[in-house]
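What follows is calculated from the coordinates using simple rules that are stated; it is not laboratory data. What you are looking at is a predicted structure, and each value in this text was computed from that prediction instead of being measured. Cβ atoms come from the backbone with ideal geometry, glycine included; neighbour counts cover every protein chain shown.
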Amino acid sequence: MTALTALVLTAVAVLGVAVVLARDPLRQVMLNGLFGLSQVLLFTVLQAPDVAISMAVVSTVAYPAVLLMTIHRVGPQDRG
Amino acid sequence: MNTRTRALLFLPLGAALAAFLLWGLAGLPDFGSTQGPYARYLARHATAQRHVTNVPTSIVFDYRALDTLGEELILFTCVMGTALLLRSSREAEEQRPSDRPTSAAQRHLVSLLIPVTVLLGLWTISYGYLTPGGGFQGGVVCGAAALMLWAAGGYRDHRALTPTGLVDAAEGLGAAAYIGLGLAVLAAGHAFLANVLPLGSTGTLASGGTIAVLNWATGLEVSAATVLVFHEFLKEYVQTLPGAAED
Amino acid sequence: MAPYPYAVAGVLFVAGLYGIVSSRNYIHMAVCLTVMQSSTYVTLICVGYLNNGQPPITQGAQPGKPLVDPVVQALTLTDVVVSVVVLALVLALALQAHRRTGSVDPDRLRGMRG
Amino acid sequence: MAADLVPLTVAAPLVAAALLAALAQFLPRWVPDLTAIVVAAGVTALGVLLTLASRAHPIVYWFGGWRPAGGTALGIDFVVEPLSASLVALTGLLTTTSLVFSWRYFEEVGHLYHALVLALLAGMAGFALSGDLFNIFVWFELMSVSAYALCGYQIHQSAVVQGAINFTVVNSTGAFTLLLGIVLVYGRTGALNLAEIGEALGSRPPDGLVTVAFTLITTGLLVKAGAVPFHFWLSDAYAVAPAPVGALFTGIMSDLAYHTFARVYWDGFSGALGSASAAVRDGLLALGVASAVIGAVMCLLQADLKRQLAFLTVSHGGVFLAGIALLTPRGLAGATLFVITDGLLKAALFLTFATVVRSLGSGDELALHGRGRTPREALPALIFLCCALGFAALPPFGTFLSAALIHDSPGPGWPFPVLAACLAVTSAAFLRAGARIFLGWGPRHDPLLTSAPGKPGEPGEPGDGEPDHGGGGAARGRTALLIPALALVAAAYATAFVPGVAAEFITASHSFEQPRQTAHQVLTGHLPPSPPSASYTPTPGAWTTAAAATAAALALAAVSLRTPGSRPGRLRRVLVPPAKALKSLHDGEVGDYTLWFTTGLLALGLAWTLTLR
């Protein structure tokens, strides 16, 4: 359990909770991108390159593309 | 019950659930201390038995090929479901969707990047069983290239180069190829999805027998699926552009 | 602090669940589902880690260091890609909700009674 | 020879689905219909063949030819036992019937419909047979995803969207809970094969990890099965699914989750939890009886026919869970036979609803008051009556035999009378609906019943999820639409007269509950000794209880049809407030459903934490 692993794990936890607490969809997409990036770092540190590539590709291309298009299509929502 | 009271009600339950999960998770062996028999066996024998150097890919496409068949069909069904949901309620296509004018810099830069992305995707798929990568990851990269096509050119270029009929067929055939190979092996008298092709020499592209074939079938299917998903959501997005009605 | 990685996974699971319970927007709820799913990825990869381990790629593997668990990686890498298309399906449903009722707020969509 | 065909149960539907989705746009309409029906019929035949072939001992099929090495499973296996194979046969039969029905029912159907139905069939077949824990999760996910898409098939109707979203969010939450449980088990045992996990866990008494993992896996499967308090999504989703798909959902999809839970418990956890099996039994019995009671009460309080059947699925799911929870060969045999006979009746009734909605214009019992009194509606009326009486375990037919098996099973005596009462109540709901629609008895309005979302009593609004078609519905082909339903009812009733069917199921359940033997065969390939053959005839106690249940159903239906003015009417006004309270819980809020999910998970976890020692 090196210091680097602990640091990256903390980043994953903090960003995960931040994604959940972000109410504005746009801010949530950006936080979700960071959350994906922190998972990429975690999987790299834990010696899992295949999964890191998979998460990197997915969280930088697929999630934002699909989410942004939906958010734009739905348009501004009244803040609940 | 409105959202606020629900969130408040959840707090004690969430805390109790976290405690319950932690009590269970604490029963796991210490972090990084032990490895199970399954993992130990495969880490030691996979390369010798299948002549591929990327052990997770050998597990994905050979030892647990049925899992991957299931995951691939989940991918296939999801994309069919999304297409079904979005296409069925979309107004007729007759009005030609217009595009945002993209700046010249963006057009040139992205159009330079498209061939690089496609190359990267194909490289990730083809070397999937030698170095980290594989059909799944490479498929998504190739799918991303189609998205960049829209970013560079415009929606009409994107639609011209990714006709939905063809992409539907490519995705279906990719999934059918995967199962077809399994059925062919079964017809030949072996177990379903058994690796009966010559294994070739380790470390070269021509190794791994059916692993390489299944890798490419998955790559085709995942890239077609990703292109389809982006295409469907792009069609939704283009509806919102101003002046979508007139040309 | 051996179980710290698993504590992170537990936090992600409960956070995702909290997001769904307290959500007023189907898109936000869909992303909370993926946060919940990522708790399973973190647990899987942490269960498979070995101290001083190296990636399970036998090409260019350094002698003397044990290979990390390849099975969990095989399970996770397919799950990650599949989670994208499941998210796309949920978002397609959210788009339909928006087309029917003009909003993606679960309270606004009160078709069911009793 | 039969062993080589095992992979076809999943491979054939999937390759057909892939090819249909790819090529159907170039083919005439009848090609996808015909291929889908032929493939589904093939899976049914294969299921029957495998049921017969695996009577002596389970067939274990290793995919990819990877046999275990030194007790460590390398690949994925399918463990084909008579119980699982008979459920695959039932799934195939219901899918075939559903596809035959939808051939005439949908005027125009996209080329994706058949691909999704075949994917659902393959998902269910794999879910019933797979012997690998993660593979069970993969088939669970495939079955769920194709169900989400099919549930939202008539997406242009507003109520359908909410049903589909609730279905998707709550089932995804269940899937991730199941996966977290699987990861815990893998962390402890380092194995994914169920038999190997059973051996590894069996060697030590249950500790925190085993309790939490078992709770998470149970909860994940019970969400899919629709047990209380995880059942809220089920009534929303099944009430809006199109009829052929709804027949599959109510007929087999939910009950399959109970059967797979039984498999996971016996093969994986019965070794570790053997000493605490009384605690497991009581926990599951509590959930089963709660599901039976709440499902039955809610079923009685509905006017929308499809929501009634959805709550009936919840209630009878509770009966199956109680049968399984008894942890005895007879209990399991009764539960599985009940899944088969009851599934046939539910699917038949769901298809009949579709024809009623098409010909009479609405899916609401109050709106259809007396409109079915024409001779043209005699056939649906007959099916209504047969299904309703079948739900009350009418002796001596199929459902009675299964209920008798559960009744005569050793174990606590208190659950069966409660379960019999719930069967009576659910049967009364449909007897009342049938009488009101086809005979015109009873009042036109009833404050206790909730009508379909639209304005109650206003005809012409098609039942949610049904395709929009001309009012009144042409008579052409209507009898052809009812033939599949009639066939299913006949099959359900005839099951009891198959010679020695009860004895076969008890023998199969006996070997099902011997994980040690199955694990030995799975991991080392040595065949276990053939199980002892048992014979069974229902005891007089079972006959009297079933007869009492049927009588009670008829009586309750009569009472609930009495006009509000009379004495029972005043009783009804007393019942309105509690009914309103119970119904307010099922308000379509996915946030509430997830909150109930968390409460249920914690309650089950707490109960087992205190008792699993």
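Ordering A:24, B:62 from the fewest to the most neighbouring beta carbons within 10 Å gives A:24, B:62. Highest mobility in the GNM of chain C, judged by mean-square fluctuation with C-alpha springs under 10 Å and restricted to C:41, C:49, C:26, is found for C:49. Counting, for every residue in D:267-274, the Cβ atoms of other protein chains within 10 Å of its Cβ and taking the mean gives 0. Amide hydrogen proximity for residue D:302: with H placed 1.01 Å from N in the peptide plane, the residues at 5 or more positions away or on another chain lying under 5 Å are D:450.
Taking every residue in B:139-145 and counting other chain Cβ atoms within 10 Å of its Cβ, the average works out to 4.
The label-point distance for residue D:378 and residue D:277, in a model that sets each label 7 Å from Cα toward Cβ, rounds to 5.3 nm.
Remark on the protein assembly as shown: Rg and Dmax equal 27.4, 89 Å (Cα only).
Coupling constants for the range C:25-31 follow from the phi torsions by the Karplus curve (6.51 cos²θ - 1.76 cosθ + 1.60, θ = phi - 60°), and in residue order they are 8, 4, 5, 4, 5, 5, 5 Hz; glycine and proline get x. What shape does chain B take by its C-alpha gyration tensor, where a ≥ b ≥ c are the square roots of the eigenvalues and a/c under 1.5 counts as rounded, a/b above b/c as prolate, and the rest as oblate? It is oblate, given that a/c is not under 1.5 and a/b is not larger than b/c. Ordering D:204, D:330, B:107 by the number of other Cβ atoms within 10 Å of each residue's own Cβ, fewest first, gives D:204, B:107, D:330. Treating r as the C-beta distance of residue B:8 and residue A:10 and R0 as 25 Å, the FRET efficiency rounds to 0.40.
Computed 3J(HN,Hα) for the range B:201-214, one whole-Hz value per residue from the Karplus formula 6.51 cos²θ - 1.76 cosθ + 1.60 where θ = phi - 60°, is 9, 4, x, 9, 4, 7, 9, x, x, 5, 4, 5, 5, 5, glycine and proline marked x.
Full extension of the chain between residue D:439 and residue D:587 yields a length gain of 50.1 nm, computed as 0.36 nm times the residue separation minus the alpha carbon distance. Look at the stretch B:177-184: the mean tally of other chain Cβ atoms within 10 Å of its residues' Cβ atoms is 4. Annotation: peptides A:68-74, D:195-201, ranked by per-residue average of other Cβ atoms within 10 Å with the highest first, follow the order D:195-201, A:68-74. Under the rule of at least 5 residues apart or a separate chain, name every residue whose amide H is placed under 5 Å from the amide H of residue D:74. Sorted by chain and number, the residues that satisfy this are D:69. Per-residue 3J(HN,Hα) values for the range D:202-210, derived from phi via the Karplus relation 6.51 cos²θ - 1.76 cosθ + 1.60 with θ = phi - 60°, read x, 7, 10, x, x, 10, x, 5, 5 Hz in sequence order (x marks Gly and Pro). Ranked by the mean number of other Cβ atoms within 10 Å per residue, highest first, peptides D:160-169, D:256-265, B:11-20, B:167-176 order as D:160-169, D:256-265, B:167-176, B:11-20. Full extension of the segment from residue D:30 to residue D:56, taken as 0.36 nm per residue of separation minus the current Cα-Cα distance, would add 5.3 nm.
Taking packing as the residue-averaged number of other Cβ atoms within 10 angstrom, the listed peptides A:45-56, B:112-123 run from highest to lowest as A:45-56, B:112-123.
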